[in-house]
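Below: the structure, in structure tokens.
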Protein chains: 2
Amino acid sequence: MAINNSIENFEMIVNDAFVQKAQSLRPTLNKSEVLPVSSVAIERKGDDWVAVKQADWSETKGIELAPPESVCIDFGDHCVGYVTLKFASAGSPPDAPAYIRLKFGELPCEIAEKSEDYHGSIGAGWIQEEFLHIDILPAEIRLPRRYAFRYLEVKVLASSPKYRLTVEDASCESVTSADWSKVEPLPESVPEHHRKMDAVSLKTMADCMQDVFEDGPKRDRRLWIGDLRLQALTNYVTFHNDDLVKRCLYLFGGLLQNERHVGACLFVEPKLQIDDTALFDYALFFISCLKDYYENTGDRQTLEDLWEVAYHQIELAKNRLDENYLVRDSDDWWCFLDWADGLNKQAGAQGVLIVTLKEALVLANEMKDGEKAEEIQKLLIKTINAASTYLWDEKKGFFRSGAQRQISWASQIWLILAGVLPAEKNRQILGRLEAKKGDKSIIGMVTPYMYHHYVEALFRCGLVDEAFKQMDDYWGQMIEDGADCFFELYDPDNRYVSPYGSRIINSYCHAWSCTPSYFIRKWYAEE
Amino acid sequence: MAINNSIENFEMIVNDAFVQKAQSLRPTLNKSEVLPVSSVAIERKGDDWVAVKQADWSETKGIELAPPESVCIDFGDHCVGYVTLKFASAGSPPDAPAYIRLKFGELPCEIAEKSEDYHGSIGAGWIQEEFLHIDILPAEIRLPRRYAFRYLEVKVLASSPKYRLTVEDASCESVTSADWSKVEPLPESVPEHHRKMDAVSLKTMADCMQDVFEDGPKRDRRLWIGDLRLQALTNYVTFHNDDLVKRCLYLFGGLLQNERHVGACLFVEPKLQIDDTALFDYALFFISCLKDYYENTGDRQTLEDLWEVAYHQIELAKNRLDENYLVRDSDDWWCFLDWADGLNKQAGAQGVLIVTLKEALVLANEMKDGEKAEEIQKLLIKTINAASTYLWDEKKGFFRSGAQRQISWASQIWLILAGVLPAEKNRQILGRLEAKKGDKSIIGMVTPYMYHHYVEALFRCGLVDEAFKQMDDYWGQMIEDGADCFFELYDPDNRYVSPYGSRIINSYCHAWSCTPSYFIRKWYAEE
């Protein structure tokens, strides 16, 4: 994500004990060496770019390049790690520095498209491109930055008429805090296409599991609570790195914003620092994360430590309710939900509030905190009532949001997940949405993050076939489109969508899209 | 220099004992910290660029920059060394990498002109420009490469809408193997403008004195024997680092080319390696270097060790003589002399041969090597005779060179230094040259290296006033034009000359232009 709002007079409220607990849980990174597979040519195919194999790496290494020649190396799969390149020279002793450009791409488009043409809304610093002088050859260069990539283009910008640069070899030390040995094999009943989908999900998860759960190893390389929630859910049925979830919970709980608001994301370098971005839905998801964690681990100490912070998010959310217990709308970036253009957040936010109130109620009961349970109960009744009274349009058969009474997929899905209406009515809404697919008057979905909630809603309503069909149409189609990992953004009808102004800045391995493993493993295990 | 010829089937003949001696003389680099003086704006002035002070550095540091803003830092004088930059941020916590461009310039033009517009004949890798991502802020970055510069522009290419990059501080750890405490004060009689010229020469020398005598710390950062000869001459009257000369002599003597030819330049990294460039004049200058070294140090062991290698260069040079004992001409880069366009090398080469034969004779006598002395004597008579018979045009009053009978400053100067004609005739030639200044039919001079020999010729002919006037007109004018060090190339009538296609690739601190100190200190001492 990249959201440009921030709190005025921002301050960070630190709970040292929580932070210490979080820091004691820093994971060990598992390292492995990944070697190139082949050289490829990046070629135009329709509106996109594809990598076409040229030669095995064993035949390619040692290739001599004179400016402006280049070689594009294919590492065969998505990598996250530290790259080492070995260079030498051919011809006379090098009498001028070699000057090279390196481009790292998760997808071929990042290699093919010109970085200087990017004028999008977020920092071009995310583009994985380096310019490097090599004064002395031969040289073994371990690049200090971590990259997320499958393709690496080495282009010689300058050498001298007297020598050519040779690319002797390349390797990547990949890093992850995921332990693959912890992943159980899939039940035999899982069909091949869901095995593939599970594998891509697991790869996405693993590559985002670093010192914390990152949203994406290319961008933003940061712990966001919206992503964490889905990563943690998937983690419980895959890598079982519960300590990493715990670490992230204590980080969010130990580094609060003004008014003890849980922040949307946080930084671990150069020091622990909560970001100044505050989001209505993301703060409430601290409750979800804690509830899921407790449910999956039974770790009561953590629940006891963090319950107060979790409950406090409800108190803060209450301040945003109007006299009818309806979440107040506004034009700034107060709530995320999805990247869909023009999406009004009011109804979705009401849904998130109800969902998390229900989760908080579970935790309050677990904590035997009768007073808070009662308070939550009251609030639940009022907010559910507000949703059905003011947001539900019986005639249209849809929830509506904001002053313009907008109808969107996000609003329906969140209020279905909130269980505002009876189950049968929810199923009908989903049927109506399906029937209206492609209808431009209804604001659609853009992110796998929103699609996750749609699939979740389908499962909750017992529409299992529809849920799997949706997964196949969406995540399955991403695989068809060449995904080694699942993307940050994907619209099957508009494949090159980006909220940032260019697809080269998109993240193509993004945690919030990792949930097919969660659905597959939950479903086939329960079968 | 950057010369694109090379020997076929090149091999290096190593004398381990010589190499060990050279390596035992590796100098200690003296380090000192240089801090910025001010920020400057680079502004157009006529055809050139100038730096206009904006504010003291104390007022500038901490400056906040959003893309595409920049700050140009003036370190107040030419620096050679390792730069450390301190960055921080202002605004929200940095949520995207900062992406910056650094440009280092010895002169303002290197900052102002676009590197991507350079399409010259030598490697663009020499342009001192870096692109850098900063993932974590604050950051203290010590750049791994050595730069030669006075100006450093920091330009922010990308940050994010949420923060600005701040330039907190900068410093340069300057390095040199020169010891300033060894330089004697100038005699009181030296006038102010010659004191200034001496100071700039010394700075030029010091900045080129590194692990070896480099030609230029920006480019080529390499030991060339043509430069070494003039650096050594100047060294004997300034920094007195005779061991550095000795080291360089043993390197050239210990790393020979095919047929035991002394190479034109050599590399010390990644390993000791003689370059495959062979030049007629440069190989013979090994004799000059050895003779000057012995004359200044009396180090007989070095003379005895290296005399055979020195003498052998004469044997090799003899192969290039035709039946009339005239150096054979050719179209390739067989002899350097100067960068002047279209310069024919034959007559100049004949001059260099005679000069170095005379020097060899001194050494042969010193070595009591009667046989070689006699051989040299014979050759001297024949080559001098050939020059006066075939190259001297009595009617024109000039030496002529090559099939086209070209008249050039270089030919006159070298054959004057060779003493082919009587002293009075030489004076007349110099007078005629002076009278023809600007005459396009006579090939002029381009480099301070060639101007050095012109001034040397004037002194030798007793034209002391003219010699000093020439120094004032040339090196003095360079200072007027803003030189902190003396340049690789300078033509007062065509100030933006470059043999490489762009002045931004020129070296503006170049060893072969350091000899005003030699002349000033020799002359005023003898006064």
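Annotations
- Computed Rg/Rh of the range A:140-189, alpha carbon atoms with Kirkwood Rh: 1.22
- Rg over Rh for the range A:62-129 works out to 1.00, both radii taken from alpha-carbon positions and Rh defined as the Kirkwood radius.
- Residue mean of other protein chain beta carbons inside 10 Å, B:119-128: 6
- Rg and Dmax, both from the Cα atoms of the range B:1-60 and both in Å, are 23.5, 59.
- Cα gyration tensor shape of the range A:30-176, rounded if a/c is under 1.5, else prolate or oblate by comparing a/b with b/c: rounded
- When the P(r) is computed for the range B:322-426, the part past 23 Å accounts for 27% of the Cα-Cα pairs.
- Percentage relative contact order, the range A:1-156, counting C-alpha pairs under 8 Å, at least six apart: 29 percent
- In this structure the amide hydrogen of B:G263, modeled in the peptide plane, comes within under 5 Å of the amide hydrogens of B:Q257, none closer than 5 places in sequence on its chain.
- Directionally averaged projected area (convex hull, Cα atoms, the range A:260-377), nm²: 8.5 nm²
- Within chain B: Cβ-based charge dipole about Cα centre, in debye rounded to nearest 20 (Lys, Arg +1; Asp, Glu -1): 540 debye
- Helix A:423-435 axis, angle to chain A major axis (alpha carbon atoms, nearest 10°): 40 degrees
- Principal-axis tilt of helix A:516-526 within chain A, Cα atoms, nearest 10 degrees: 60 degrees
- Chain A: C-alpha pair distances exceeding 30 Å, %: 51 percent
- Karplus-derived 3J(HN,Hα) values for the range B:458-463, using 6.51 cos²θ - 1.76 cosθ + 1.60 with θ = phi - 60°, are 4, 4, 4, 8, x, 8 Hz; glycine and proline are entered as x.
- The translational diffusion coefficient of the range B:27-107, from Stokes-Einstein at 4 °C and 1.567 mPa s with a Kirkwood hydrodynamic radius over alpha carbon pairs, comes to 86 µm²/s.
- Across peptide A:132-142, the average count of Cβ atoms from other chains found within 10 Å of a residue's Cβ is 3.
- On Cα atoms only, tilt of A:225-235 relative to the major axis of chain A in degrees: 80 degrees
- Using C-alpha pairs under 8 Å with a sequence gap of at least 6, the mean separation divided by the residue count of the range B:364-479 gives a relative contact order of 19 percent.
- Sparse packing (at most 16 other Cβ atoms within 10 Å of the Cβ) combined with a DSSP loop state is found for the following GluC sites (Glu not before Pro) in the range A:363-435: A:E394.
- Around the Cα centre of the protein assembly as shown, unit charges on the Cβ atoms of Lys, Arg, Asp and Glu (plus for the first two, minus for the last two) sum to a dipole of about 680 debye.
- Considering only A:T234, A:W409, B:V19, and ranking their Cα positions along the charge dipole of the protein assembly as shown that arises from unit charges at the beta-carbon of Lys, Arg, Asp and Glu, the one farthest toward the positive end is A:W409.
- For the A-to-B rotation axis, chain A residue with nearest beta carbon and its distance in angstrom: A:F131, 2
- For the range A:436-448, Karplus couplings with θ = phi - 60° (6.51, -1.76, 1.60), whole Hz, Gly/Pro x: 9, 3, x, 5, 5, 6, 9, 5, x, 10, 10, 9, x
- Per residue, the convex hull volume that the Cα atoms of the protein assembly as shown enclose (Å³): 191 Å³
- The simple Förster model, with R0 at 22 Å and r as the Cβ-Cβ distance, assigns B:K382 and B:N296 a FRET efficiency of 0.15.
- From helices alone, chain A scores -11500 deg cm²/dmol at 222 nm; the rule is -39500 (n - 2.57) for each run of n ≥ 4 DSSP H residues, then divide by the residue total.
- Förster radius 56 Å - calculated FRET efficiency between B:A55 and A:A423, Cβ distance, rounded to 0.05: 0.20
- Positive-end ranking of B:L65, B:F104, B:C172 along the dipole of the range B:32-174, with charges on Cβ about the Cα centre, is headed by B:L65.
- Scattering profile of the range B:253-297 at q = 0.23 Å⁻¹ [log10 I(q)/I(0), Debye over alpha-carbon scatterers]: -0.81
- Options B:G46, A:L152, B:L343, ranked by Cα towards positive dipole end of the protein assembly as shown, top entry (Cβ charges): B:G46
- Between copies, the label points at A:N324 (set 7 angstrom from Cα along Cα-to-Cβ) are spaced 11.1 nm, reported in nanometres from shortest to longest.
- Each principal axis of the Cα cloud of the range B:408-455 was evaluated for its coordinate range; sorted largest first, these ranges are 27, 21, 14 Å.
- When B:A41 is represented by a point 7 angstrom out along its Cα-to-C-beta vector, the spacings to that point in the other copies are 5.1 nm, nearest first.
- Environment charge at A:C461 (Cβ cut-off 11 Å; Lys +1, Arg +1, Asp -1, Glu -1): 0
- Taking amide H positions as modeled 1.01 Å from N, with prolines and chain starts lacking one, the residues under 5 Å from B:Q210 and 5 or more places away or on another chain are B:S177.
- Nearby lysines by direct alpha-carbon distance to B:K318 (threshold 26 angstrom, same-chain neighbours under 8 apart not counted): B:K291, B:K345, B:K358, B:K368, B:K372, B:K378, B:K382
- Multiplying each eigenvalue of the alpha-carbon gyration tensor of the range A:371-428 by 5 and taking the square root yields semi-axes of 22, 13, 9 Å, largest first, rounded to whole angstroms.
- Computed label-point distance, nm, for sites A:K45 and A:N494 using a 7 Å Cα→Cβ extension: 2.4 nm
- Dipole magnitude of the range A:59-103 about its Cα centre (Cβ charges: Lys, Arg +1; Asp, Glu -1), debye to nearest 20: 160 debye
- Couplings for the range A:138-143, taken from phi via the Karplus curve 6.51 cos²θ - 1.76 cosθ + 1.60 with θ = phi - 60°, read x, 9, 10, 10, 9, 5 Hz in order; Gly and Pro are left as x.
- For B:E168, the amide hydrogen comes within under 5 Å of the amide hydrogens of B:G62, B:K86, B:F87, B:A88, counting only partners 5 or more places away or on other chains and with H modelled in the peptide plane.
- Peptide B:209-221 shows a mean partner chain C-beta count of 1 within 10 Å per residue C-beta.
- Pairs of lysine residues in the range B:32-174 - Cα separation under 15 Å, sequence separation of 8 or more or cross-chain: 8
Each reported figure results from applying straightforward, stated rules to the coordinates on display, with no laboratory input. Note that the coordinates shown come from a computational prediction; the quantities given were computed from them, not determined experimentally. Neighbour counts are summed over all protein chains in view; Cβ atoms, including those assigned to glycine, are modelled from backbone coordinates with ideal geometry.
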